[in-house]
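> Please read through the structure below; I'll follow up with questions.
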Amino acid sequence: MTLLDHPRADSPLEDAPASAPDAPTVHPAAVIDWVAELAELMQPADIHWCDGSTRERHELLQLLVANGTLEQLNPELRPYSFLARSHEADVARLESRTFICSAEKIDAGPTNNWAEPTRMRAELTDLMRGSMRGRTMYVMPFSMGPVGSPMAKLGVQVTDSPYVVVSTGSMTRMGTAALEEIAAGAEWVPAIHTVGAPLAPGEKDVAWPCNDTKYIVHFPETREIFSYGSAYGGNAILAKKAFALRIASVQARDEGWLAEHMLLIKVTAPTGRAYHLAAAFPSACGKTNLAMLSPSIPGWKVETIGDDIAWLRIGADGRLRAINPEAGFFGVAPGTSAKTNPTAMDTLWGNTVFTNVARTEDGDVWWEGMTSTPPAHLTDWRGNAWTPDSGVPAAHPNSRFTVSARQCPSIASTWEDPEGVVIDAIIFGGRRATNVPLVVEARDWDHGVFLGATIASEQTAAAEGTVGELRRDPFAMLPFCGYNMGDYFAHWLDFGRRLRRSARVPRVFQVNWFRKGADGSFLWPGFGDNARVLQWMVERLDGTAGAVDSPLGSIPTADGLNLDGLDIDESRLGELFAQDREALRVEADDIETFFATFGDRMPAELDRQLELLRRRLAD
Ligand code: OXD
Ligand code: MN
């Protein structure tokens, strides 16, 4: 057994040793033992147990400024806000370095990288030996979901990056309350993170320590997470993608619920009736914009519950309920503006950490798309002087803001409801220039699962890879499903069978805001006008909006979509819903090839759905 090979702890409450370094006020023995074992391996100079207090955050921010990791922005323009510039090679999630180390390779499936778990543990143990020398090990207990909610889950991450502590403090309920839950016996997921940059005595630190070697590794059976070498976003804030999606998706499979890459919104119609929608989109496809939408149609209101992750369960009342397990937003900055997302711009008024955006001469932030005319002089994300003639983006395309959800003016009063909100509809979307209409409604749950399983999207800058390349991203979970996606599809189908036995099965829709016309321009204005599509959906739920059948699903009747006040001509509207049978037959062949990669793990029902699509295309 290696040092990292500790049993998963369901910690009994025991007194801590009196001499525990910087000991917490509550004493979950299993966490204390785990930390002591890790400290022996990683050799930090210090251990700090995070309490999640404002004072602690303040001290860490000051330390990060002193270290050169953060620069404080002009407090008059952007109160108590900071800018980080990462290492040039540490700017996005690294899917090629992300591993699901299940005992059997087949259980990771064809969409995940797999490595033999014992060998991977040994390799990580070697890398982690002494990796925190000269640094402080921070111990961060956190709750995903409101502390004490029956839908919440606990975790503890150790890290040697104070930047990661500050980020986790915004993104989760981090600190003593979570540790108390663990001390009271709650199950917890251990997560180990190191930037892999030990400091020799007297060695001067760099602004963004990291290592050329990088690993983000998950052991699904024992629910453990290890991350080495990166301090960026999902690679390092392990509560987010690594726990709340990859490990949680495995927990969800085993416990009968869903952990999804979905935003959550509350939509209120002019009648005052409210609906809750969950929507899955691949990374950087506008989830934050939809979560904070300002409707262009009078009388409609959209409130935010979450912008990235949703955990869904069948509640005691038999209805589908969802929580946002996160407490903040780690949003993509470029493209965010007073026009595209005024609510996000208001959310970012202060108390925000920006990463890899550009800095203005007066000490504020800027990124591509924030204003139509860029400032004449900026400092770009690399720290270089920049002008509009520089020929490179001023902000990195995956530059981010990290901010507490509490600051969002459109946050719903129910966003922390421990029981979750009742979900009326589920939406799947992607970024598709062709083939996929503005909106279709699935015939039933199983057809909805087919729509989710066949999402394809043009790749964005959120992960390494070629931007714009089309890839299948089922349920927008391709980089985030912690097990074989064939089994994941089966889990969704099974979940629907359980829902059918309960009160009400939510409707399922597919949307595409990104379809382009023959001239290469976007056909749909998007943003606030997406509320028109939401209106059609909720009117479908109420049975008041018309729909016609089409090979891909039900689409709005000619007068079904509210187009009042929208300047869009008939032919462009036609193009938005066009279904080119020849192109869709080619797409069906591509889906068949994709499904075949799952071999006998592919549920027969989805092959049947493909066959039904082909028949409808042949009619
Ligand atoms: C994110 C992502 O950061 O999906 O949310 O990459
Ligand atoms: Mn995401």
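> I'm trying to understand the selection: among the residues of region 269-309, which are over 18 Å from residue 403 (Cα atoms), within 16 Å of ligand 1 (Cβ to nearest atom) and not in a loop (DSSP other than H, G, I, E, B)?
278, 279, 280
Conditions tested, residue by residue: (1) under 14 Å from the mean Cα position of the chain (by Cα); (2) under 20 Å from residue 524 (Cα atoms); (3) surrounded by fewer than 23 Cβ atoms within 10 Å (Cβ to Cβ).
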| residue | (1), (2), (3) |
| --- | --- |
| 265 | no, no, no |
| 272 | no, no, yes |
| 286 | yes, yes, no |
| 296 | no, yes, yes |
| 306 | yes, no, no |
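A quick yes/no check of all residues on (1) in contact with a Ser or Thr (Cβ under 8 Å, 6 or more places away or on another chain); (2) within 16 Å of ligand 2 (Cβ to nearest atom):
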position: 308; (1), (2): yes, yes
position: 311; (1), (2): no, yes
position: 327; (1), (2): yes, yes
position: 331; (1), (2): yes, yes
position: 339; (1), (2): no, no
position: 344; (1), (2): yes, yes
position: 349; (1), (2): no, no
position: 353; (1), (2): yes, no
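> Just checking, does region 247-259 include any residue being within 16 Å of ligand 1 (Cβ to nearest atom), over 19 Å from residue 420 (Cα atoms) and in a strand (DSSP E or B)?
Among the residues of region 247-259, not one is within 16 Å of ligand 1 (Cβ to nearest atom), over 19 Å from residue 420 (Cα atoms) and in a strand (DSSP E or B), which makes the answer no.
> Does any residue in region 79-107 that is within 16 Å of ligand 2 (Cβ to nearest atom) come within less than 9 Å, Cβ to Cβ, of a residue that is of a type in the set (Phe, Trp, Tyr) six or more places away or on a different chain, and which pairs are these?
Close Cβ pairs satisfying both conditions: 91/232; 91/381; 92/232; 93/232; 94/215; 94/232; 98/215.
> Looking only at region 311-337, count how many residues are more than 14 Å from residue 171 (Cα to Cα), within 16 Å of ligand 1 (Cβ to nearest atom) and assigned to a strand (DSSP E or B).
2
> Go through region 221-243 and count every residue that is away from ligand 2 (no atom under 16 Å from the Cβ), surrounded by 24 or more Cβ atoms within 10 Å (Cβ to Cβ) and either in a loop (DSSP other than H, G, I, E, B) or not assigned by TED's automatic domain parsing to the domain that holds residue 156 (or both).
Residues meeting the conditions: 3.
> Take residue 565 and tell me if it is in the same structural domain as residue 510 (by TED's automatic domain parsing) and exposed (fewer than 14 other Cβ atoms within 10 Å of the Cβ).
Numbers: in the same structural domain as residue 510 (by TED's automatic domain parsing): yes; exposed (fewer than 14 other Cβ atoms within 10 Å of the Cβ): yes.
Yes.
> Inside region 312-325, can you point out the residues that are crowded, with 24+ Cβ neighbours inside 10 Å and touching a helix residue (DSSP H, G or I) at 6+ places or on another chain (Cβ under 7 Å)?
Those that are crowded, with 24+ Cβ neighbours inside 10 Å and touching a helix residue (DSSP H, G or I) at 6+ places or on another chain (Cβ under 7 Å): 320, 325.
Each row is one residue, and each column tells you yes or no for (1) small (Gly, Ala, Ser); (2) in contact with a Lys or Arg (Cβ under 8 Å, 6 or more places away or on another chain).
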position	(1), (2)
456	yes, yes
463	yes, yes
466	no, no
474	no, no
478	no, yes
491	no, yes
494	no, no
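> Looking at this structure, is residue 349 at negative phi and surrounded by 24 or more Cβ atoms within 10 Å (Cβ to Cβ)? Before you say what the answer is, go through the steps one by one.
Details: at negative phi: yes; surrounded by 24 or more Cβ atoms within 10 Å (Cβ to Cβ): no.
In short, no.
> Regarding region 451-471, can at least one residue be identified that is in the same structural domain as residue 316 (by TED's automatic domain parsing), of a type outside the set (Phe, Trp, Tyr), over 28 Å from residue 217 (Cα atoms) and more than 16 Å from ligand 2 (Cβ to nearest atom)?
Scanning region 451-471, I find at least one residue that is in the same structural domain as residue 316 (by TED's automatic domain parsing), of a type outside the set (Phe, Trp, Tyr), over 28 Å from residue 217 (Cα atoms) and more than 16 Å from ligand 2 (Cβ to nearest atom), so the answer is yes.
> While we're looking at this one, here's another question. For region 79-159, which strands (runs of 3 or more DSSP E) that fit wholly inside it have 3 or more residues that are touching a Cys at 6+ places or on another chain (Cβ under 8 Å)? Spell out the reasoning first.
Working: elements: 82-84, 98-100, 136-144, 153-159.
Here the list reads 136-144.
> Hey, another quick one. Take the conditions within 23 Å of the chain's Cα centre (by Cα), more than 16 Å from ligand 1 (Cβ to nearest atom), at pLDDT 95 or above and in the same structural domain as residue 597 (by TED's automatic domain parsing) and apply them to residue 495. Does it pass? Break it down stepwise before answering.
Details: within 23 Å of the chain's Cα centre (by Cα): yes; more than 16 Å from ligand 1 (Cβ to nearest atom): yes; at pLDDT 95 or above: yes; in the same structural domain as residue 597 (by TED's automatic domain parsing): yes.
Here the answer is yes, as residue 495 does meet what is asked.
The values are calculated or read from the model by the stated rules, or taken from the named source; none is laboratory data. Predicted model only: the values in this text are computed from it and were never measured. Heads up, the Cβs are rebuilt from the backbone with ideal geometry, glycines too, and the neighbour counts pull from every protein chain shown.
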